[in-house]
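Structure first, commentary second.
The values are calculated or read from the model by the stated rules, or taken from the named source; none is laboratory data. Just so we're clear, the structure is a prediction, and the values are computed from it rather than from any experiment. Cβ placement follows ideal geometry from the backbone for every residue including glycine, while neighbour counts extend to all protein chains displayed. Just so you know, the surface numbers come from the protein's heavy atoms only, side chains and all, with ligands and any DNA or RNA stripped out. Shrake-Rupley method; radii C 1.70, N 1.55, O 1.52, S 1.80 Å.
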Amino acid sequence: MACSNMVCGTGGGYSGPKEGDPDNSAVLTATPAFGGVDVEWTYPEINPHAVAHTRLYRSTSGTDADPLLYKIVSGGYFFDRTTTATAIEYFYWIEIVSINGTVGERIGPASATARPTIQQMLEMLTGQIDSGVLAEALKGSIDQITLNRLGIDQEAIERAKNDDALGVSFNEVQAHSDETRALLQEETKARTTSDSAFVESVNTVYAEMETQSQTLTAAIQEEKQARTDADGAMAKQLDTVQARIDDDIASVQTQMKADIKKVGDTITDIGALYTAKVDVNGMVGGFGVYNDGKTVEAGFDVDRFWVGRSSQDKVKPFIIEGGETFIDDAVIRKLTFNKLRADDGSLAFSGGKLKAEHIDVANLRVREAASFSGDVFSDGFISGSRGWCILQSGYTEFNDATIRGNLEIKTLTVNGNSPYGAIKVDKYQNWGDVTVNSSTQYFTTGWGYDSVSEMPENGRVSLRGNARANVNIVGTVGGTKSTWGGAHNEWTTTRYSGTVTIRVRANILVQVDGVTVINKTGTIDTKTATGRYTYSMNFSGTVTGDGEYTYPAYRSSSSIRARTRIYIDVLVQDKGTTGLGYEPNTIEAGGTNIATGEVSRLG
């Protein structure tokens with residue numbers, strides 16, 4: 001196993017593997033999955049137990065020379081869950097890291113594009129089905145059977161006798177009494193032109209009875225159409241069986257249709273459709289098959305669907321009822337699910353995990369419980385994913401552990417760093433001799449920075465930001481005005497009073513990797529000067545805000561920055577009755593942003 005950047009070694013300049021290190025024979029694969037990508041790799045053939053963890057890299061380019069370190073994984077499997085509906089091809093690389101700190105050569109890339117989530121697939125397929133030819137054919141209700149459907153009358157029959165391009169036939173056999181009627185109708189209409197031919201026939205068997213309170217009818221109708229023209233060819237047969245008593249109607253209908261459309265010599269649309277529908281008072285259901293030359297689709301528009309023999313002593317092996325599927329016995333090679341329940345209704349799998357109460361260990365056998373002469377692994381052990389191991393070196397791995405007594409740890413690290421740490425950002429800036437004569441002005445410090453490294457997923461930083469303001473404002477209010485004239489033609493001096501009210505606010509803004517965690521604005525103080533004199537105002541205070549940030553994924557480095565903004569609001573500018581009495585204000589201001597916090601790599 002080779003080393004990268006001379007991380008390992010037994011002496012100066014040595015970059016080879018250490019004794020006991022695994023080799024670099026892992027095979028990396030990436031497979032599309034519902035809602036993500038399954039990234040898997042085999043364990044090294046030599047010393048697989050010496051694998052400490054695996055570095056997983058990811059990029060959208062297979063030629064990326066420096067892909068992002070995406071995850072630190074224990075085991076040989078990682079599910080890269082997607083958070084966007086956009087299909088993106090991701091490329092993956094791995095580096096095997098041994099328990100001695102040796103980093104293997106990078107393996108990869110392997111690439112895959114995630115499939116939509118199961119919910120997205122259901123919604124997408126449902127939309128395609130509902131807008132398709134078959135679903136539309138199954139939705140419509142069955143029309144009521146009518147007599148003389150083609151509207152053939154005596155005039156049409158006479159006209160056809162003198163037109164070779166038109167053929168019309170109407171035959172009827174009828175019997176009736178005062179309350180009942182029975183008849184058979186056969187209608188045929190055919191027409192040809194220089195570039196088209198069309199024939200349609202309708203055969204109807206009809207029975208009717210009227211009583212004092214009800215009208216009862218029963219009918220069977222067979223419709224056939226065939227058409228050819230410059231745009232294509234179509235053949236259709238529709239068979240309907242119907243019974244009616246007043247407003248209650250029950251109907252059964254089958255349809256066979258073959259249709260080809262063309263433009264010039266090019267086929268633009270082709271389809272073969274078969275449906276069988278049942279309709280009782282507008283409640284329609286049925287099944288059908290449709291073939292468009294690319295896909296054969298079969299669908300059942302029903303409330304309950306079952307498969308099995310009709311013997312009363314047999315349980316139906318497959319039933320769909322009310323949107324739920326019931327299967328008596330199944331052999332499934334591959335199964336993807338979100339939740340799985342036991343036969344008592346309790347959840348056995350939830351969130352992709354098997355609950356402990358559903359693990360049967362009645363057949364567990366340990367032949368040498370007192371001592372072990374070699375490394376011990378559970379059956380099917382995969383580091384970081386399944387099972388447990390106890391190595392002679394003292395290294396152990398379990399999925400979970402409960403310690404009832406004391407736990408003594410000499411050194412605890414998270415991704416090579418202390419699990420806890422501190423943050424401090426301190427930035428001061430001074431502004432002097434600045435003129436303020438508008439309603440609102442502000443002054444902003446530069447950014448102060450700090451950073452943390454190797455933050456795992458669900459690691460967090462807790463922050464407190466303080467914006468400290470110290471502002472001195474000097475100005476004048478009131479004034480005098482001299483005028484010439486009057487009874488004695490002389491200078492007259494008049495004194496006027498003025499008013500100014502100023503408010504100072506401060507804002508603290510703290511961000512983690514560009515994400516705003518604290519954005520707090522508060523008032524430092526509001527002061528007023530009135531009269532005819534030079535005034536001086538001092539504003540000093542602090543605005544404090546708190547926030548917390550949780551890392552959604554591993555980051556090798558994270559930047560924390562803070563900035564303070566000082567707002568000076570001139571709320572009142574009363575310059576006196578003559579427009580005098582207010583002068584611009586000169587300020588000397590200073591701002592400090594201090595952000596302190598704690599780092600928790602344990603989440």
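Rounded to the nearest Å, what's the spacing between the alpha carbon centres of segment 44-73 and segment 148-192? Just the number, please. Measuring centre to centre over Cα atoms gives 81 Å. Answer rounded, prolate or oblate for segment 254-345, using the Cα gyration tensor with square roots of eigenvalues a ≥ b ≥ c: rounded when a/c is under 1.5, else prolate when a/b is larger than b/c, else oblate. The shape class here is prolate. Taking 28 Å as the limit for the C-alpha separation, the pairs K189/K262; K224/K277; K139/K224; K257/K316 exceed it in the case of K257/K316. In terms of the Cα gyration tensor, with a ≥ b ≥ c the square roots of its eigenvalues, is segment 180-317 rounded because a/c is under 1.5, prolate because a/b exceeds b/c, or oblate? Taking the square roots of the gyration eigenvalues as a ≥ b ≥ c, segment 180-317 is oblate. Measuring nothing but how far apart in sequence close Cα pairs (under 8 Å, 6+ apart) lie, relative to its length, segment 124-220 scores a relative contact order of 19 percent. If a/c stays under 1.5 just call it rounded; otherwise compare a/b with b/c (prolate if a/b is bigger, oblate if not). Do that for segment 92-206, with a ≥ b ≥ c from the square roots of the Cα gyration tensor eigenvalues. Because a/c hits 1.5 or more and a/b exceeds b/c, segment 92-206 counts as prolate. In the full protein context, segment 50-201 carries 56 Å² of accessible surface per residue, based on a 1.4 Å probe and ignoring ligands, DNA and RNA.
Given a Förster distance of 35 angstrom, what is the FRET efficiency for M124 paired with V515, based on the Cβ-Cβ distance and rounded to 0.05? So, using R0 = 35 Å, E works out to roughly 0.65. Straight Cα distances below 15 angstrom link K520 to the aspartates and glutamates D546, E548, with same-chain residues fewer than 8 positions distant left out.
Largest accessible area first, the listed residues S540, S497 line up as S540, S497 when surface is computed with a 1.4 Å probe on the assembled protein chains.
The share of accessible area on segment 42-136 that comes from carbon and sulfur is 53 percent, using a 1.4 angstrom probe.
Computed over segment 64-103, the convex hull of the alpha-carbon atoms projects to a mean area of 3.9 nm². Report the calculated FRET efficiency for K527 and E457 (r = Cβ-Cβ distance, R0 = 45 Å), to the nearest 0.05. Taking R0 as 45 Å, the efficiency between K527 and E457 is 0.35. Share of carbon and sulfur in the accessible area of segment 235-341 stands at 54%, probe radius 1.4 Å.
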